[in-house]
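Here is the structure we will look at, set down as structure tokens.
No value in this document is a laboratory result; all are computed from the given coordinates. Please read all numbers here as calculations on a predicted model, not as lab measurements. Neighbour counts are summed over all protein chains in view; Cβ atoms, including those assigned to glycine, are modelled from backbone coordinates with ideal geometry.
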Amino acid sequence: MRRRIFQHIQATHTAIKGIVIALCMMIGVPSTLRSQIYTIEQRIDSLLFLMTTEEKILQLHQEGWMNTADNTRLRIPGFLMADGPHGVREGKATSFPVGIGMAAMWDRDLAYRIGVAMGKEFRGKGKHQALGPCLDLDRDPRNGRSAETGGEDPYLNAQITTAVTKGIQSTPTIATIKHFNINHRENGRTTNNITASMRMLMETNGLTFRTAVQEGGAMCVMNAYNLINGEKCAENPTLLTTILRHHWGFPFYVVSDWGSIWNAQKAISSGCDLEMGSTLYAKDLPSLVANGQVSETILNQAVRRVLRTKLFAGMLDYQPPGDPNDVNSVEHQQLCLEAARKSIVLLKNQDNILPLKKDSISTIALIGPSAAVAQIDGSGSAYVTPYYAISPKQGLESKINPAKILYTKGCDINSNDTSGFAAARSAAASADVVIFVGGLDPTQEGEGFDRVGGSINLPLNQQLLIKALAQVNKNIIVVLYSGGICGVYNFINDIKGLIYAFYPGQEAGNALAEILFGEVNPSGKLPVTMPLVSGLLPPWNDNIDVGLGGGYRWFDAKNYPVQFAFGKGLSYTTFEYKNLVVPSTVPYGSPITVTVDIKNTGSRFGEEVVQLYLTHNSAVSMPVKELKGFTRVALQPGETKTATFQLTNDELYYFNETSKAYEVEPGEKIIAVGPSSDSLPLKKTFTIETGTPKPDLRITHIKMVPPYPIKGQKVTFAAMVKNEGTGATTAGTPILISYRVNGTEIATSLNYTQSIPTGGMAFIQADSGPHGTNLWSADSVGSYLVSAVVDPTNTIAECVESNNSTSTNLTVYPNPPVNIALHKSVRVSSIEGVGLEGEKAVDGNFSTRWSSAFSDPQYIVIDLGKVFKLKEIILYWESAYAKSYQVLISDDDVTYKNIFTETSGDGGIDKIVTSESARYVQIYCIQRATQWGNSLYEVVIHSEETTAVDSGKQTKIPNEFSLSQNYPNPFNPVTTIQYSIPAQHSGVYVTLKIYDVLGKEVAVLVDEEKKAGTFAVVWNASSFASGVYYYTLRAGSFVQTKKLMLVK
């Protein structure tokens, strides 16, 4: 008991010290007596100190289905989330290729750009967090969620999903990597008990997550539903603490998949910080904490990780607002088309049946259950509803005269109905070429269930129809859409062309038509193996080790034949590989540079995906070969380019279960290069020499708080430092980091002395500086270059000394506009129920909302208190939104003017720009988009100015002086103070000043004569430290003082 009391005193002292340091930075304490070191963790300590136990627990569970609660007292916003592995699943949004479709692109840069677009669309819909990308491996194509995966190979999956993660987080959106770990089958997904060795968890099934955490900087991890080695993933300390945090260095927060927690005490103690989809934390944590079953340390640790995430995402400071115009923008539509083009895979082209020649074709028979349907995805939470989607029929009709196309459906996706066969055969018999479009759809695969029928084969009725068509026309091209790949063994010899499309997104029909007619040369590659038959797949049970990782690893080990190998994909041109260069010997721990020449030996432009595979001649059990590099090369006819690869220790690691560490085994290795896993024409052997294990430190990310500073704010820095060497760093040895802004050193990290394991990472925060502070002042709006170097004096012996520095850009923003609707008087036509009142739409809390009765029409009227010259009105709709509505304004609440009409609303965020002046703003909801009411999270209104507009008629003149309490309070960094001057004192000289706790004047907000009226003034305290301040209004003989608190 004495020890627990002492620990509590220590924690309290630390928190108080953080607050005192902040106050000392603010008040006039001599520099010799004050510390100007204010770390991110001290800021978190300050918040934890101010929070009650109830407020802490409220940070750790859902408030609504997709959000967590705001803490309005301390100005800590909750998370606003939406599903989104390939787009925003709320209302309508751009539907990009599904995860396995992105993997089929084999293009990191394109995946990154898709991530950027997704991040912008999440922000455009007012969300903080995307529940994606999905990092699961596709071990078996019958897995119902194959579409969400990144394919069967850990390296390809890791490279593509990490690029998407980086792209998403290049915007203020938080990426959520999921499902950690081994989401293997949908049938029984909540109770499946996966057996997996530590090697499997750390290597094959760990690489995707480790890469996204360390290289992608992912700020949230979502656990899987299943059990691993007897423990729920949400309650598994091996996964969430030992692997994720101790081995890999993940510093941010873990969220549960919806309803995946069974036991609150186990989950929070194991490292699951935030519970969603159930209420166990809300119900059980108060008593568990009160009786000591969950310690205050564990509770604070979970809250700390949530707060750290919010800080580094900018949620506690300023975040640039999302732009609704980003949602399904023309730029994103073009990006979607580019992605579809590069993800579609050509697998068979007998007699060069493709590309089709428009001029020589008189008729095309277009047949199949997906010929006139745009297949977007399987079913489930990943499905994105697009504004539009192009079917194969629409795509073809945009390229040739529709009269040349003989369309008939022929059959269903999966039924015994053959009534359409006769019409299909008739169309095929009279056509020059048959294009059959089939595959799977949401009825055949999706979340919660595995492939209908349990076979990899294309549904039987589609196979039978293809074979029937082949009896009357030999020129058949089959196009298959699906997530899990479909087997074609029974009809592959009956067709001349085969194209595979892994749900390529809303532009798929256009991309397919371009490829069919040769306007685009296909360049996609298979992200999975297409097996011959189901019986050759690994046993589909819960023992993952038996399957050897699945995919080509399994087929190589068993020497089984396949239909089409992993990485396969044809082109309309040809390529030649030559001049493979690999060093014969490599010093232990050094990178390996490999080059190879690729020549386009055909007659047209094309892109080739060059693939590099590694084989270990080793006593350690390893796969026959593993993908360890790939790159896209664009080549004109006759052109040759050199592809360069660099293999680091990261590509050579295996996990030693005895030493419990990643290791690189010296000895002989083989590099093989080619266009697919079964076609590797160039091979060379090299040897890794023995040597002394050393670390190799590399900064993967520089992080800032605040990440989006506004002018005058203080910024502090942190670095994610990865050890990709052959040995751990030595505990007790400081790992120094120097931070520079535009070349000038401004902060350092001096006190981190923990060991970073091999293959691990540390999150190291600035704790000192050359001028006695670790803070940088963002004094001017603009862009700055921030650089960091770890071990700047080379005091740590490393494998590589030349990779210790990195840089990033930091933007300082101007002061944001003030929301003049905040906490203003509201009148509504109706409410759905208690807790959904109109004032919830102007309370600044995005986890609350106004919701009307379930009828039309409805309205909400906001009284701004005076006439303002308006700039923009921003509506944040909940999922129940108005399809048709008007925005009306008035000076007197009697006569209203319509300034905006929407007839096809789609929810999310609507921004209405105006230059009108008004006191009253009405949102008149004419027609609901759903069966529910009209529901608004928030109405935000910005004005050109924050003082009253003299309209000469509407504003009621006050009859007495008044000084209102600032709002918000506490605040960070902007707050609004309102005061009134009565008519009889019009023209009085007014001052409004801010003072610190010692009575020292620190800011003057008003110093001039004022006419009668009510006024609002904004204080931006971004350049001030946390603490208590006072503001005093003096107007003639009237003097009044109030207290306000700045909490950063």
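Any of K342/K393; K178/K683; K125/K525; K711/K993; K127/K628; K310/K714 with alpha carbons more than 25 Å apart? Name them for me.
Too far apart for the 25 Å limit: K178/K683; K125/K525; K127/K628.
Relative contact order of the range 962-1046: what whole-number percent is it, with Cα pairs under 8 angstrom and at least 6 residues apart? Intermediate results must be reported in sequence, preceding the final value.
On the way: 189 pairs, mean separation 28.6, N = 85.
Relative CO of the range 962-1046 lands at 34 percent.
Assign one of three labels to the chain, namely rounded, prolate or oblate, based on the Cα gyration tensor with a ≥ b ≥ c the square roots of its eigenvalues; rounded applies when a/c is under 1.5, prolate when it is not and a/b is larger than b/c, and oblate otherwise.
In terms of gyration-tensor shape, oblate.
For the range 643-657 and the range 247-325, write down the distance between their C-alpha centroids in whole Å.
About 34 Å separates the Cα centre of the range 643-657 from the one of the range 247-325.
If you find the alpha carbon centre of the range 68-130 and of the range 432-480, how far apart are they in angstrom?
Distance between centres, Cα-based: 32 Å.
Need one word for the range 962-1046: rounded, prolate or oblate. Basis is the Cα gyration tensor (sqrt eigenvalues a ≥ b ≥ c); a/c below 1.5 gives rounded, then a/b vs b/c decides.
Prolate, since a/c reaches 1.5 and a/b exceeds b/c.
Only loop residues by DSSP count here, and only those with at most 16 other Cβ atoms within 10 Å; note down the GluC sites (Glu not before Pro) in the range 910-944 that meet that.
Taking the range 910-944 and a limit of 16 other Cβ atoms within 10 Å, the loop GluC sites (Glu not before Pro) found are E916, E944.
Which angle between 0 and 90 degrees, to the nearest 10, do you get for helix 296-313 versus the longest principal axis of the chain when only C-alpha atoms count?
So the inclination is approximately 80 degrees.
Starting from the Cα of K1048, draw a straight line to each of the aspartates and glutamates and keep only those under 15 Å, dropping any in the same chain fewer than 8 residues away.
Within the straight-line cut-off, K1048 pairs with E41, D45, D317.
With a ≥ b ≥ c taken as the square roots of the eigenvalues of the C-alpha gyration tensor of the range 825-943, please select rounded if a/c is under 1.5 and otherwise prolate if a/b is larger than b/c or oblate if it is not? Show your work: numbers first, answer last.
Values: a/c = 1.57, a/b = 1.38, b/c = 1.14.
Prolate, since a/c reaches 1.5 and a/b exceeds b/c.
Give me, ordered by chain and number, the residues 5 or more places off I746 or on other chains with an amide H under 5 Å from its own placed amide H.
Amide H to amide H, under 5 Å and 5 or more residues apart or across chains, I746 pairs with Y739, R740, V741.
At 222 nm, what value in deg cm²/dmol follows for the chain if DSSP H runs of at least 4 each add -39500 (n - 2.57) and the sum is divided by all its residues, to the nearest 500?
The helix-only estimate for the chain comes to -5500 deg cm²/dmol at 222 nm.
So, in nm, how far is label E801 from label S618 when the simple model puts each one 7 Å beyond its Cα toward the Cβ?
It works out to 2.9 nm between the two label points.
Using the Cα atoms as the points, what is the convex hull volume per residue of the range 755-800 in Å³?
Hull volume over Cα atoms, normalised by residue count, gives 144 Å³.
Tell me, what HN-Hα J-couplings in whole Hz come from the Karplus equation 6.51 cos²θ - 1.76 cosθ + 1.60 at θ = phi - 60° for each residue of the range 366-381, using x for Gly and Pro?
9, 9, x, x, 10, 5, 10, 10, 8, 7, 9, 5, x, 8, x, 6
Starting from the range 641-698, pick out the trypsin sites (Lys or Arg not before Pro) whose DSSP state is loop and whose Cβ has at most 16 other Cβ atoms within 10 Å. Don't jump to the answer; show the numbers that get you there.
Details: sites: K641, K660, K669, K683, K684, R698; in loops: K660.
Within the range 641-698, the qualifying trypsin sites (Lys or Arg not before Pro) (loop, at most 16 other Cβ atoms within 10 Å) are K660.
If amide hydrogens are placed 1.01 Å from N in the peptide plane, which non-local residues have theirs closer than 5 Å to the one on N804?
The list, which skips near neighbours in sequence, is empty: none.
Compute the helix-to-body angle for 330-343: its Cα long axis versus the longest principal axis of the chain, expressed 0 to 90° and rounded to tens.
Between the helix axis and the principal axis of the chain, the angle is about 30 degrees.
Helix 154-169 versus the longest principal axis of the chain: what angle, 0 to 90°, nearest 10, using Cα atoms?
With both axes taken from Cα atoms, the answer is about 30 degrees.
Report the Cα centroid-to-centroid distance between the range 327-371 and the range 892-941 in angstrom, as an integer.
Value for the Cα centre distance between the two parts: 42 Å.
May I ask you to order 44-51, 83-90 by the average number of other C-beta atoms within 10 Å around their residues, highest value first? Mind dumping the intermediate values first?
Values: 44-51: 21.1, 83-90: 28.5.
Output ranking for 44-51, 83-90: 83-90, 44-51.
Given Cα pairs under 8 Å that are at least 6 residues apart, what percent is the relative contact order of the chain?
Result for the chain is 10 percent.
What are the ³J(HN,Hα) values, in whole Hz, obtained from phi via the Karplus relation 6.51 cos²θ - 1.76 cosθ + 1.60 with θ = phi - 60°, for each residue of the range 104-113 in sequence order, with x given for Gly and Pro?
In residue order, the calculated couplings are 5, 6, 6, 9, 4, 4, 5, 4, 4, 5 Hz.
Could you pull out the trypsin sites (Lys or Arg not before Pro) across the range 329-367 that fall in loop regions by DSSP (anything but H, G, I, E, B) with no more than 13 other Cβ atoms inside 10 Å? List each step's numbers first, then the result.
Working: sites: R341, K342, K348, K357, K358; in loops: K357.
The qualifying sites are K357.
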